[in-house]
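Everything below concerns the one structure shown next.
The values are calculated or read from the model by the stated rules, or taken from the named source; none is laboratory data. Here the structure is a predicted model, which is why all the values come from computation and not from measurement. No Cβ is skipped: glycine too gets one built from the backbone with ideal geometry, and neighbour counts run over all protein chains shown.
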Amino acid sequence: MITKKNFFLDPITIKTIDTMRVTYFVVFILSFALTEIGRNLYRPFIYKNNIEDFGIADSVGNWGGILAQIFFGLAIINSTKKKGLRLITLYIIGYMFYEIVQPYLPRGVFDWQDIYGTIIGGIFGLLLFILIHKITKQNKVFHRF
């Protein structure tokens, strides 16, 4: 049987619930929660008290959002390491492209801090992804569909 090679998906891992998929999902939940805390608690506090935080409050949606989206995508497709790296690269490039074209969209505003936030969040997500793959030596399979 000849299997078609896909750029992101792996026919076996997409149907598997294993240690990696559960880990990706837990990191997604944590990063999403931290992003929302940053947007709804940290940012208003910084703005209200006029504290200089070097743009962290301004870009929390970008660096936190890309981190959450990276691990949500990884949890959904449960890809191999190589395909996961492709997905992370696509997210970083896609977020930066979206930020660059925002002035041409309705109500869009270009902000360099959002580009920096995207790069920082993407690199942090990449490093976390690599760390997860180094720590998780034995990928225990819980269920296969």
*Quick one: which of 29, 37 is over 19 Å from residue 84 (Cβ atoms), surrounded by 11 or more Cβ atoms within 10 Å (Cβ to Cβ) and among the aliphatic types (A, V, I, L, M)?*
37
*Residue match in segment 27-34 (condition: closer than 24 Å to residue 119 by Cβ and touching a Ser or Thr at 6+ places or on another chain (Cβ under 8 Å))*: no
_With the structure loaded, tell me whether residue 55 is surrounded by 13 or more Cβ atoms within 10 Å (Cβ to Cβ), touching a residue at least 24 places away in the same chain (Cβ under 8 Å), among the small types (Gly, Ala, Ser) and on the phi > 0 side of the Ramachandran plot or whether it fails that test._
yes
*Across segment 84-114, what is the number of residues that are aromatic (Phe, Trp, Tyr) and not in a helix (DSSP H, G or I)?*
1
*Test: residue in segment 1-16 that is under 24 Å from residue 89 (Cβ atoms) and in contact with a Leu (Cβ under 8 Å, 6 or more places away or on another chain)*: yes
*Residues that are aliphatic (A, V, I, L, M): which helices (runs of 4 or more DSSP H) entirely in segment 7-83 hold 3 or more of them?*
19-37, 56-77
*So which of 85, 67 is modelled with pLDDT of 90 or more, crowded, with 22+ Cβ neighbours inside 10 Å and under 14 Å from the mean Cα position of the chain (by Cα)?*
67
*Note down all Cβ pairs under 6 Å where the first residue falls in segment 122-143 and is surrounded by 10 or more Cβ atoms within 10 Å (Cβ to Cβ), the second is hydrophobic (A, V, I, L, M, F, W, C) and assigned to a loop (DSSP other than H, G, I, E, B), and they're at least six residues apart or on different chains.*
none
